[in-house]
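Have a look at the structure below, then the notes.
Please treat every number below as a calculation from the coordinates, not as lab data. Keep in mind that what you see is a predicted model, and the values were worked out from it rather than measured. Reconstructed Cβ throughout: ideal geometry from the backbone, glycine too, with neighbour counts over all protein chains shown.
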């Protein structure tokens, strides 16, 4: 079981995660060293593999599901810019790679690097939260493009465990809002933003999350002007 996850995410991984066999990073170490990949970068990949390697999780509602499984591969970069490596093979045909950034961020790379979450654990937390609230919400509303600017988050607080960067989660008294901006930033296309609003959550739906002290209104009530082999874990 990967360390550093909340109880919600640990339960999610236990119930829905499987492990597949992958080729160890160490089998490629010498090949990468001969191509001037720094040993420290390969060490980072080995640490990633030890914690996350081979993990298969249910798909994300965005990025066409995310990685098929987590596996370190294809290091690239430079001493001046930092080093990235692949986080896992795409689940579907998308025009970018899933990468781990120089500081351990999880994100997408399409010629331009966009970190989605500050850590891999943050990505997993977001998947766990999606699964949980998708079951518990009485209503799910999808908002896209310029309409995302109309979402009012006054009275909401960030869900810190997802360690959001381009993608963020917000918690209200009886609702959660997920805002996905990764593809919009990667392709300089603001209308590519998507938000999912999970409303009508009861105490169970908000379990493992603290409620705001003052009930927040629905974020849509007000509008602003647009701007392998498998092993159970």
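Would you check if residue 42 is buried (at least 19 other Cβ atoms within 10 Å of the Cβ) and over 30 Å from residue 133 (Cα atoms)?
The answer is yes for residue 42.
Give me a count of the residues in the range 1-21 that are surrounded by 16 or more Cβ atoms within 10 Å (Cβ to Cβ) and out of contact with any strand residue (DSSP E or B) (no Cβ under 9 Å at 6 or more places or on another chain).
Count: 6.
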